[in-house]
Structures are given as structure tokens and as C-alpha cells.
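Colleague: Just dropping this structure here.
Computed from the coordinates by the stated procedures, all read-outs in this text should not be read as laboratory data. All values derive from a computational prediction rather than experimental measurement. A quick note on method: Cβ atoms are made from the backbone with ideal geometry, for glycine too, and the neighbour counts reach across all protein chains shown.
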Amino acid sequence: MLQITRDDLQPVLAVHQGTQALRGAVEGAGPPPRLLSVIARYIQFNSAFGPGLANLAGEIAARQGLFQDPEEVVRILADRAAEVAADFFYAAVDEFDDRATPWRDTHRTLAQATLKGMGSFFGYTPAQLNDVLHVNPATEDAMDLVWEGYGVGASLEEARLFRAMGFHTGSEILADQEFVVLDQTLRARRPDMVAALEKMKIPILGERHNAYYWVRIHTGVEAEHFDAALKGVNNALRFYAGREPVAMVKGWILEGFRTFADVQGEFMARLGEP
């Protein structure tokens, strides 16, 4: 059975420079306003993925005729679209409700708490942050490309659906690397800030959120999300019941993976610009 393995992804990963660009942007952001803007841009970029992924999971689950189990003799029960979608939706669950906190915490809320906490550490009031934070056009462009990659608002033909699966797979393996680098760099460059954030609680929507939790949790969950995405694309290949050769479908997935690497790389290259 044709599958996608880490070896298929390695040629792209071997030459990808996005994560190194992230490190450089954080290391090069000396004054607090620069560092706050770099983190704000990264947080904004990440906010595009939750809606994109939820949309993709729904698009997959709705294609019952496209994903069929040939071993199921009851035809009306042979669809496996929900099974394929589940491995993508797995990451969306965390985006909209982090399972490790006692209340409903979206990752967007946790990211907002991190940025507010950093601003507080540097002595800014929330109102003052409006004049400090600068989100560049490259960030907004990258968000649009993420939504395009996931197919948000589009009518997805087969090729684009499978490219979106590969796009998401790329986002997870690179995000795992990103957050590890972000955590390492912040701890090395601003250990005082990280120590303060780890103890700080930021009130948002009636709950008090740890100001460093968003960074810390992502140094582990993204690896799990990548494993789920890889399982999802391989289930998509396993149960594919369309008319195209499975080798072509695999090629679409890998095209999507490469597209995300390009989007992430371009965004990271401009992350630290003035």
C-alpha cells in the first residue's frame, strides 16, 4: 500500500531555512518594542491555523464517496471519510479547547495572554501596546496564504483537498521545530522574562491564564499533531476511492507540503523586519 513517510518529507526539510530565520528574528529583536512586535507577528500567523484546520476536517468528512473501505461488505457503511477527518480534527480540538486546563482555553486566548504578559513585563499597559505592536504586511499576507492553503472559502476539487492535507502536515512538523526554537531562544536571551511569565496570570474572559503556557504547551503537542496528520494522509491514501492513480494523489499531498514550507519560510524571512 502506497504511503507517505518521513523520508518523503526529508528533501524539503533538509533545505528549509524558516526555523533558523525565526531564531534570528527573536535573537535580533533587542529593544522591547521590537521583540514584542516579532512575537505579535508570530502569534497572528498562528491564529490562521485553527479555522483553516477546522474547515479542512469538515471538507474531508463530507466526502463519503471519496473515502471507502473495500473490505466492508455493507455498502452504506463502507465510508471512511469521518475516520480520515478525525486525524486532522485531532489538532483542531486543541486549537479550540486545550485539554490540559480545567476550563475551555482556546490557543488563541493563551497566545493573547502571552503577549499581554510580555507587555506587562516590559512595563506597558494594555492600552500602550496599541502604539508598540507593529504587525507588518508580510504577516497579513502569510495569513491569507494559510487560509488559501487550507481551502477556506473555496470549493475544493480533489487535487486541492489533498494538497490541503499535505499543507497541514507541513504546518505541524514545522511548528514542532518552531516552538522548540522559540522556547530555547527566549530562555537563552531573556531568562528573566520567561521566569516572570511562568509565574504570571493574565485575566481574559473571566479566567486567569498562565502567561507562558502557550509557548510551553506547543513544545510537545505539535509532535503529537504531526503524528496524527501523517496517519490522516495515509488513511486518505488507504481509503481513496476516486478515479485518479493513488501515486498521483500522493503527489498532490507532497505538493501541499512543499507549499506550506514555502509560505512559512517567506513569513519567517520577514518576521524581524522593522
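Colleague: Rounded, prolate or oblate: which fits segment 1-68 when a ≥ b ≥ c are the square roots of the eigenvalues of the alpha-carbon gyration tensor, with rounded for a/c under 1.5 and prolate only if a/b beats b/c?
Modeller: oblate
Colleague: Work out the length of the dipole vector of segment 127-204 about its Cα centre, built from +1 on the beta-carbon of each Lys and Arg and -1 on the beta-carbon of each Asp and Glu, and round it to the nearest 20 debye.
Modeller: 420
Colleague: Roughly how many Å is it from the Cα centre of segment 161-213 to that of segment 101-121, as a whole number?
Modeller: Cα centroid to Cα centroid, the span is 10 Å.
Colleague: When you take every Cα atom in segment 54-149, what is the radius of gyration, and what is Dmax, the widest Cα pair distance, in Å?
Modeller: 20.4, 66
Colleague: With only alpha-carbon atoms counted, please give the Rg and Dmax of segment 56-112, in Å.
Modeller: For segment 56-112, the Cα radius of gyration and maximum Cα-Cα distance read 15.6, 50 Å.
Colleague: May I ask you to derive the FRET efficiency for Asn130 and Arg208 from their Cβ-Cβ distance with R0 = 30 Å, giving the value to the nearest 0.05?
Modeller: 0.85
Colleague: If you don't mind, another one. Please report, in Å, the Rg and the Dmax of segment 105-215, where both are computed over Cα atoms only.
Modeller: Here Rg and the maximum Cα pair distance are 17.2, 51 Å.
Colleague: Quick one: among Gln68, Gln128, Gln112, which has the greatest mean-square fluctuation in a GNM of the chain with alpha-carbon springs under 10 angstrom?
Modeller: Gln128
Colleague: OK, next. Among 189-201, 150-162, 84-96, 166-178, what's the highest-first ranking by average C-beta atoms within 10 angstrom per residue?
Modeller: 166-178, 84-96, 150-162, 189-201
Colleague: Straight-line reach only, C-alpha to C-alpha below 19 angstrom: list the lysines that Lys116 could link to, leaving out same-chain residues fewer than 8 apart.
Modeller: Hits, sequence-local ones excluded: Lys199, Lys201.
Colleague: Continuing with the same structure: List the residue ranges in the chain for DSSP H helices whose C-alpha atoms run 24 angstrom or more along the long axis and whose Kyte-Doolittle average is 0.0 or above.
Modeller: Within the chain the helices that satisfy the rule are 246-269.
Colleague: Using C-alpha positions alone, give me the convex hull volume of the chain per residue in cubic angstrom.
Modeller: Here the figure is 129 Å³ per residue.
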